[in-house]
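See below for the structure under consideration.
The values are calculated or read from the model by the stated rules, or taken from the named source; none is laboratory data. None of these values were measured; they are calculated from a predicted model. Here Cβ is always computed from backbone atoms with ideal geometry, including for glycine, and neighbour counts include all displayed protein chains.
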Amino acid sequence: MLEEEYDKTRRRLPLHLRRAESERPFTYEIRPVRESDIPDIREIYNHYVTNSVVTFDEKKWTLAQWREKVAFLAKHDMPFLVAEGPSGQILGYALVQPMSAKSAFRYSVENSIYLGHAATGKGLGRALLEALITASEEAGIHQMVAVISDKGAEGSVALHEKLGFVEVGRMGRVGFKFGRWLGTIYLQRQLSPVKKKRGLFGKR
Ligand SMILES: CC(C)(COP(=O)(O)OP(=O)(O)OC[C@H]1O[C@@H](n2cnc3c(N)ncnc32)[C@H](O)[C@@H]1OP(=O)(O)O)[C@@H](O)C(=O)NCCC(=O)NCCS
């Protein structure tokens, strides 16, 4: 055997040692949240609470807080979607919540989207945000706003801009986490609501 042929054979790992995930397609199902998804959602979010400045939360969320949030959003007809992988694990989630508790804001929401670290950069963020926009339009929502950290969230800004969100403003030094000041970037997108009326906060 020539030396170069030997090298070629040698560099090929045995089947059981080759990276399976690179050959496996990245598949998922996007669907409304269920109570049983909460532990995975909590783990995804708390990773960013502890390790990043993309969220201004500094304390990990509890299961009870998430349960309360899921119930509150369901009560107000606010979409909360998850992406479930083939093994049943939640890969990421996207939700909208009222922009304000004041009732005249009832047609406007703030969104939130988080993927597990291993699920980023593969198109899932785009798919989830597109699905969230569609679900929000079906719920009669008119305006969606994203409030994004001005440090470490370049991917989120890029994703929102790709989906038609337009930057409408910035605030400097409004957050303080891990010993440094942080600002926020505001992006807004006009939706095309299907439902004509919304009953949020009992108003029409
Ligand atoms: C931000 C996040 C939701 C984006 O989802 P994603 O699956 O990684 O992004 P996608 O692969 O769907 O990319 C969407 C588009 O944005 C672009 N994009 C993504 N990250 C980018 C980056 N860092 N810089 C430039 N462009 C980027 C992609 O090129 C892609 O464009 P295309 O659809 O035209 O090809 C995801 O990375 C995430 O959860 N990050 C950590 C948590 C976070 O920051 N959440 C947002 C808090 S405001």
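The table that follows gives values for the structure above.
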read-out: Test result for Leu163, within 13 Å of the ligand (Cβ to nearest atom) and within 22 Å of Asn51 (Cβ to Cβ); value: no
read-out: Given (1) out of contact with any strand residue (DSSP E or B) (no Cβ under 7 Å at 6 or more places or on another chain); (2) away from the ligand (no atom under 13 Å from the Cβ); (3) free of Cβ contacts under 8 Å to residues at least 60 places away in the same chain, number of the condition Phe80 does not satisfy; value: (1)
read-out: Of all residues making up the range 91-130, the number that are buried (at least 16 other Cβ atoms within 10 Å of the Cβ), more than 10 Å from the ligand (Cβ to nearest atom), hydrophobic (A, V, I, L, M, F, W, C) and free of Cβ contacts under 8 Å to residues at least 60 places away in the same chain; value: 3
read-out: Residue among Arg198, Arg180, Arg173 that alone is farther than 14 Å from Asn111 by Cβ and at pLDDT below 95; value: Arg198
read-out: Top-ranked residue in the range 26-82 [being touching a Pro at 6+ places or on another chain (Cβ under 8 Å) and surrounded by fewer than 18 Cβ atoms within 10 Å (Cβ to Cβ); ranked as farthest from Lys122 (Cα to Cα)]; value: His76
read-out: Candidate set from the range 131-154 (those that are more than 28 Å from Arg180 (Cβ to Cβ) and among the acidic types (Asp, Glu)); member that is farthest from the ligand (Cβ to nearest atom); value: Glu138
read-out: Near pairs, Cβ below 6 angstrom, 6+ apart or cross-chain, from the range 27-45 (touching a residue at least 12 places away in the same chain (Cβ under 8 Å) and in a helix (DSSP H, G or I)) to any residue that is of a type in the set (D, E, K, R) and surrounded by fewer than 19 Cβ atoms within 10 Å (Cβ to Cβ); value: none
read-out: Filter result for His160 (of a type outside the set (A, V, I, L, M) and over 18 Å from Arg106 (Cβ atoms)); value: yes
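So that you can scan it fast, the table gives a plain yes or no per residue for (1) surrounded by 12 or more Cβ atoms within 10 Å (Cβ to Cβ); (2) hydrophobic (A, V, I, L, M, F, W, C); (3) over 15 Å from the mean Cα position of the chain (by Cα):
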{"site": "Val157", "(1), (2), (3)": "yes, yes, no"}
{"site": "His160", "(1), (2), (3)": "yes, no, no"}
{"site": "Met171", "(1), (2), (3)": "yes, yes, yes"}
{"site": "Val174", "(1), (2), (3)": "yes, yes, yes"}
{"site": "Gly179", "(1), (2), (3)": "no, no, yes"}
{"site": "Thr184", "(1), (2), (3)": "yes, no, yes"}
